[in-house]
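J.: One structure follows; several queries about it will come next.
Values in this text are rule-based calculations from the coordinates and carry no lab data. Computed from a predicted model, the values in this text were never measured in an experiment. Cβ placement follows ideal geometry from the backbone for every residue including glycine, while neighbour counts extend to all protein chains displayed.
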Amino acid sequence: MKFFFVFFALWVVASCGEKLPQFSYEPVPYDLGVPFFPDSLNIPKDNPMTVDGVRLGRYLFYDGRLSGNPDKPMSCATCHKQEHSFECGMEQFPDGRPIGNSGKKTPNVMLPFVNLVWNNNGYFWNGFIDKNKGKNIETTVPMAITAPHEMDGHVENAVKMIKKDKFYRELFYKAFGTTEVNIDLISKAIAQFVRSLVSFNSRFDRFMAGEVQLTKSEMRGLMLFTTEGADCFHCHGSPALPLWTTNLFMNNAKDIDFEGQNDRSKVTGNPMDKGKYRVPTLRNIEFTAPYMHDGRFKTLDEVLDFYNNGLRRSPYIDPLSINTNHGGMHLSDRDLADLKAFLLTLSDTAFISDRRFSNPW
């Protein structure tokens with residue numbers, strides 16, 4: 001059967017008048033290698049993850065020709081940097097909002113590309129990229145190419161520039177069984193690579209596996225996190241759900257004026273969704289400053305101080321935000337230090353240095 005499948009794939013190419021390539025199409029399923037995570041994977045049926053699909057996507061993710069502009073090369077990795085859990089960081093853009101090729105800034109700070117394969121509730125801060133509405137990670141690739149605040153390029157030019165490189169001929173064939181290059185296959189390959197960006201080797205993961213012990217401070221921080229003491233778990237989940245986000249949209253009491261905000265209500269049309277944004281994962285939170293959708297907080301200490309003393313009431317606050325009624329958690333300095341110590345155990349240094357995710361060029 002395997003021989004027949006390979007023979008048939010080669011026959012199809014030959015029948016189209018194209019010279020037979022010297023390689024075969026034998027797709028091997030990609031193994032995420034994370035058996036203890038939730039099994040509700042967001043992988044479209046028409047784009048299963050394969051070893052060669054992820055490999056092709058990795059090359060494309062780091063290819064500046066994706067902008068379709070030889071004078072202004074820009075790749076996905078220009079802004080999505082591995083050392084920042086595939087956010088941009090603050091070194092080049094202190095406000096966390098990269099500047100696109102047109103000179104325009106992104107409307108919000110970036111969300112990290114980590115464990116997105118388990119997100120079934122929609123992408124971006126307000127979730128307007130939703131698989132239930134026929135949109136998924138694949139949809140975002142041509143958007144990134146054409147958006148003024150990103151590559152500000154042209155899809156047709158990007159395809160032409162990628163197609164000119166004979167190096168990609170074998171990669172596309174091994175990934176999809178064809179040497180054709182088009183935006184659909186480019187998008188599928190990049191989406192496969194993005195879905196492969198999984199983080200599961202933090203110090204806390206090793207603690208849960210019985211390999212290391214947490215300090216007393218870190219254990220106290222964990223208890224605060226998972227109880228009403230700090231009340232973090234309602235939005236960010238618990239050790240039983242190791243994504244460290246519920247992937248829901250919440251109003252976290254940081255604003256009382258929502259005029260002009262591109263929040264969840266702009267997607268749903270429901271006025272009660274004002275001020276709601278995606279709950280970001282806390283994995284690698286150490287590397288993903290600045291924080292909140294608008295990057296208003298530059299450090300974890302500022303974030304903790306906000307939740308401790310700066311919550312603001314409005315009619316749109318989620319009922320689970322129990323600390324809003326009295327302005328915050330009102331934890332002691334020791335409690336805040338312990339909570340921060342726990343959050344730092346979620347840093348996965350192996351992920352931000354993993355060569356499988358790095359620039360292959």
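J.: For the residue pair Asp31 and Thr146, what label-to-label distance in nm results when each label sits 7 Å from Cα along the Cα-to-beta-carbon direction?
T.: It works out to 4.0 nm between the two label points.
J.: Can you tell me the alpha carbon radius of gyration of the stretch 203-344 divided by the globular rule-of-thumb value 2.2 N^0.38 Å? Don't skip to the answer; put the middle values down first.
T.: On the way: Rg = 15.4 Å, N = 142, 2.2 N^0.38 = 14.5 Å.
With N residues counted in the stretch 203-344, Rg over 2.2 N^0.38 Å equals 1.06.
J.: What is the distance, in nm, between label points placed 7 Å from the Cα along the Cα-to-Cβ direction at Ile322 and at Lys164?
T.: 6.2 nm
J.: So what is the orientation-averaged projected area of the chain, using the convex hull of its C-alpha atoms, in nm²? Mind showing how you got there, number by number?
T.: Working: hull surface 79.0 nm².
For the Cα atoms of the chain, the hull's average projected area reads 19.7 nm².
J.: Can you work out ³J(HN,Hα) from phi for every residue in the stretch 282-296, in order, using Karplus 6.51 cos²θ - 1.76 cosθ + 1.60 and θ = phi - 60°, giving whole Hz and x for Gly and Pro?
T.: Here the 3J(HN,Hα) series is 8, 4, 6, 4, 4, 9, 10, 5, x, 10, 6, 5, 10, x, 5 Hz.
J.: Kindly rank 243-250, 344-351 from highest to lowest mean number of other beta carbons found within 10 Å of each residue. It would help to have the intermediate numbers written out before the result.
T.: Working: 243-250: 20.6, 344-351: 18.4.
My ranking of the peptides, most packed first, is 243-250, 344-351.
J.: Moving on. For a protection proxy built on the mean count of beta-carbon atoms within 10 angstrom, sort 219-226, 333-340 highest first, please. Walk me through the intermediate numbers first.
T.: Working: 219-226: 19.6, 333-340: 17.6.
Going by the mean number of other Cβ atoms within 10 Å, highest first, we get 219-226, 333-340.
J.: Using packing as a proxy for protection, rank 105-111, 196-202, 32-38 so that the peptide with the highest average count of other Cβ atoms within 10 Å comes first.
T.: Values: 105-111: 19.0, 196-202: 21.3, 32-38: 13.0.
Those peptides, ordered most packed to least, come out 196-202, 105-111, 32-38.
J.: Right, something else. How much length, in nm to one decimal, is gained on full extension between His330 and Met208, taken as 0.36 nm per residue of separation minus their Cα-Cα distance? Show your work: numbers first, answer last.
T.: Values: separation 122, 0.36 × 122 = 43.92 nm, distance 2.90 nm.
Full extension of this stretch gives 41.0 nm more.
J.: Based on the alpha-carbon gyration tensor of the stretch 39-199, what equivalent-ellipsoid semi-axes (square roots of 5 times the eigenvalues) come out, in whole Å, largest first? Intermediate values should be presented prior to the final figure.
T.: Working: eigenvalues 103, 85, 38 Å².
Over the Cα atoms of the stretch 39-199, the ellipsoid semi-axes are 23, 21, 14 Å.
J.: May I pose another question? Going by how many other beta carbons lie within 10 Å of each one, how would you line up Arg283, Arg355, Arg206, fewest first? Could the numbers behind the result be given before it?
T.: Details: Arg283 27, Arg355 8, Arg206 14.
Starting with the residue having the fewest Cβ neighbours, the order is Arg355, Arg206, Arg283.
J.: Using only Cα atoms, locate the centre of the stretch 205-279 and the centre of the stretch 21-63, then give the distance between them in Å, rounded to an integer.
T.: When both Cα centres are located, 29 Å separates them.
J.: Assuming 0.36 nm per residue, please report the length gained on full extension of the stretch Asn157 to Lys72 beyond their Cα-Cα distance. It would help to have the intermediate numbers written out before the result.
T.: Values: separation 85, 0.36 × 85 = 30.60 nm, distance 1.24 nm.
Result for the pair: 29.4 nm of gain on full extension.
J.: Taking only DSSP H segments of four or more residues, each worth -39500 (n - 2.57), what value at 222 nm results for the chain once the sum is divided by all its residues, to the nearest 500 deg cm²/dmol?
T.: Values: 12 runs with 114 residues, N = 361.
Computed ellipticity for the chain at 222 nm equals -9000 deg cm²/dmol.
J.: Can I ask one more? With a/c under 1.5 counting as rounded, go ahead and sort the stretch 51-111 into rounded, prolate or oblate using the C-alpha gyration tensor (a ≥ b ≥ c being the square roots of the eigenvalues; past the cut-off, prolate if a/b is larger than b/c, else oblate).
T.: On the way: a/c = 2.60, a/b = 1.34, b/c = 1.95.
Oblate.
J.: Past the 17 angstrom mark, what percentage of all C-alpha to C-alpha distances in the stretch 310-353 do you count? Spell out each step's value before the answer.
T.: On the way: 520 of 946 pairs.
Looking at the stretch 310-353, the distances longer than 17 Å represent 55 percent of pairs.
J.: Using label points projected 7 Å from each Cα along Cα→Cβ, tell me how many nm separate Ser314 and Met223, to one decimal.
T.: The two pseudo-label positions are separated by 3.6 nm.
J.: Once fully extended, how much extra length lies between Arg356 and Asp305, figured as 0.36 nm per residue of separation less the alpha-carbon to alpha-carbon distance? Can you show the working numbers first?
T.: Details: separation 51, 0.36 × 51 = 18.36 nm, distance 3.68 nm.
Stretched fully, the Arg356-Asp305 segment lengthens by 14.7 nm.
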